[in-house]
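What follows is a set of notes on a single structure, which appears directly below.
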Amino acid sequence: MADVKDPSVRVRFCPSPTGNPHVGLIRTALFNWAFARHNGGTFVFRIEDTDAARDSEESYNQLLDSLRWLGFDWDEGPEVGGPHAPYRQSQRMDLYRDVAEKLLAAGRAYRCYCTTEELEERREAARKAGRPSGYDGHCRDLTVDQIAAYQAEGRSSIVRFRMPDRAITFEDLVRGEITVTPENVTDYGIVRANGAPLYTLVNPVDDALMGITHVLRGEDLLSSTPRQIALYEALGEIGVSDGHVPAFGHLPYVMGEGNKKLSKRDPQASLNLYRERGFLPEGLLNYLALLGWSLAEDRDFFSVEEMVDAFELGKVNSNPARFDLKKAEALNAQHLRALPPEEFVRRLIPYLQAAGLLPAEPTAGQLALLAKAAPLTQERMVVLGEVVGMLGFLFVAPEDFALDPADAEKVLTPDAAPVLAASIKAIEALPAFDDPDAIQAALREALVEGLGLKPKHAFTPLRVAVTGRRVSPPLFESMELLGREETLRRLAGALERCS
Ligand code: GLU
Ligand code: ZN
């Protein structure tokens, strides 16, 4: 099929600002954003903060910060504005009240006086009788007298949307045609007894008013789609909108450990976790893209630009996707290796700063050292945070240098003492200390030839002594970067420990 671009595409990403952003949410943002950018359309960012009890300003700020970190730009939304402002639902409450009034006046919604207990009782009875257990329409056609009687009793009421008595069919862009019969989508609440409009109302109202053309969202929301379609139609009939119903595409579930749906509360699901560990936005997005989509059968590694170029809904898969941390890490490692060296250095800095190994304003000397040391690690890292363990030994103040206790215990035994002593001598005898190959040659001669040791046995104690750990960047380069004086000081410290 030819790839026809449609710049009239308008999609939205509309999270509720509760808790921390999670990877499922970001996957939704990515697919919407890529779809908008692929088509040259509009990406609307809307904040669904109608639940004052659960929403928080902190979470709102985190959402904005997260999208920016990931590199998503929005054409309309918080801070950028747009023709349908405001984009925070908490600032649109009057509008929703007005729409609810219009739906009531037109008979497309009605007041329901049933108490929670009554509803529960009737639901239970329906269940027992094997009937569908949605709302039974009790208050659909109350007479004026019945209403007066309920009000006299002091009952409160919610507003319910009146579903049409016919099946609703739509073509899901991912899952194909879906039909639901009226018994299975019953009248539903749109305004609480206290007057607060519910998600069920505000989400479709805003989609309608904002001219949203495609709703791409998680499969967990699939069951609300028929109800929302009926509401869009009603909004058109009563003149609130032009009656346009967006196309829907439901993105597959993301499964976590033990083949259970990845839940928001899953620690593995927290975006912040990936950010703190040092995932690159490009690595994480590449991985999240694969949760329900693929660029080509034989290509897992790609850039977000390549995704945008190729992104079509026809290729979104309806099968549940499995979240595979190892795969995410492997892709991130690949993106790390693909960074130009200066860029790699630039990305490492915040992690060294967070660990207290670099000051807020690194000196020219520190930056030069990092520029020389970084290439030793670029091929060995999975996440940027590893720089702290790998290069910390170079940036730590001499008085703060510490050996990994387990590695020291294992390696710096009395057997290591002659190795360290011979190394100190060999290093002291070197005419210069600026060539890793020369350092290596001298140490080989002293330890492998001189003491008759296997290279592995010869060099492991040196590695622990100098870098603090058994796993480190290449040893001789590390020594050279550290400098002769500090290398000797650390070898001597380790020697003292062994004897
Ligand atoms: N605020 C809703 C949510 O976060 C949006 C649902 C939708 O995309 O329609 O679940
Ligand atoms: Zn009722």
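Figures for the structure shown
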{"quantity": "Output for the range 206-222, where each listed residue is within 12 Å of ligand 1 (Cβ to nearest atom) and either in a helix (DSSP H, G or I) or over 26 Å from the mean Cα position of the chain (by Cα) (or both)", "calculated": "ASP206, ASP207, GLU219, ASP220, LEU221, LEU222"}
{"quantity": "Verdict on ARG37 being under 18 Å from SER263 (Cα atoms), open to solvent by 40 Å² or more (accessible area, probe 1.4 Å) and charged (D, E, K, R)", "calculated": "no"}
{"quantity": "Subset of the range 277-313 [within 22 Å of ASP220 (Cβ to Cβ) and part of a helix (DSSP H, G or I)]", "calculated": "LEU284, LEU285, TYR287, LEU288, ALA289, LEU313"}
{"quantity": "Lone unmet requirement of (1) modelled with pLDDT of 95 or more; (2) under 24 Å from ARG484 (Cα atoms); (3) open to solvent by 20 Å² or more (accessible area, probe 1.4 Å) for ALA408", "calculated": "(3)"}
{"quantity": "Residue match in the range 131-139 (condition: more than 22 Å from THR200 (Cβ to Cβ), in a loop (DSSP other than H, G, I, E, B) and either at pLDDT below 95 or of a type in the set (Phe, Trp, Tyr) (or both))", "calculated": "yes"}
{"quantity": "Any hit, the range 473-491, residues being open to solvent by less than 50 Å² (accessible area, probe 1.4 Å), over 20 Å from ALA397 (Cα atoms) and in contact (Cβ under 8 Å) with a residue 60 or more places away in the chain", "calculated": "yes"}
{"quantity": "Residue count, the range 268-280 (criterion: open to solvent by less than 30 Å² (accessible area, probe 1.4 Å) and of a type in the set (D, E, K, R))", "calculated": "0"}
{"quantity": "Matching residues, the range 234-267, being assigned to a helix (DSSP H, G or I), surrounded by fewer than 19 Cβ atoms within 10 Å (Cβ to Cβ) and at pLDDT 95 or above", "calculated": "GLY236, GLU237"}
{"quantity": "Extreme residue, farthest from ILE178 (Cα to Cα), among residues of the range 121-146 that are surrounded by 12 or more Cβ atoms within 10 Å (Cβ to Cβ) and more than 11 Å from ligand 2 (Cβ to nearest atom)", "calculated": "GLU121"}
{"quantity": "Residue that is away from ligand 1 (no atom under 16 Å from the Cβ) and in contact with a strand residue (DSSP E or B) (Cβ under 7 Å, 6 or more places away or on another chain), where the choices are ALA85, ALA109, ALA152", "calculated": "ALA109"}
{"quantity": "Verdict on GLN89 being buried (at least 21 other Cβ atoms within 10 Å of the Cβ) and among the polar types (S, T, N, Q)", "calculated": "yes"}
{"quantity": "Near pairs, Cβ below 6 angstrom, 6+ apart or cross-chain, from the range 251-276 (within 18 Å of LEU221 (Cα to Cα)) to any residue that is of a type in the set (Val, Ile, Thr) and assigned to a strand (DSSP E or B)", "calculated": "LEU262/VAL254"}
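For (1) at pLDDT 95 or above; (2) surrounded by 18 or more Cβ atoms within 10 Å (Cβ to Cβ); (3) of a type in the set (Gly, Ala, Ser), each residue gets a yes or a no:
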residue: GLU428; (1), (2), (3): yes, no, no
residue: ALA432; (1), (2), (3): yes, no, yes
residue: ALA442; (1), (2), (3): yes, yes, yes
residue: LEU447; (1), (2), (3): yes, yes, no
residue: LYS456; (1), (2), (3): no, no, no
residue: LEU462; (1), (2), (3): yes, yes, no
residue: ALA465; (1), (2), (3): yes, yes, yes
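The values are calculated or read from the model by the stated rules, or taken from the named source; none is laboratory data. Keep in mind the model is a prediction, meaning the values are calculated, not measured. FYI the Cβ positions are ideal-geometry reconstructions off the backbone, even for glycines, and counts take in every protein chain you see. Surface accessibility is based on the protein's heavy atoms, side chains included, excluding ligands, DNA and RNA. Shrake-Rupley method; radii C 1.70, N 1.55, O 1.52, S 1.80 Å.
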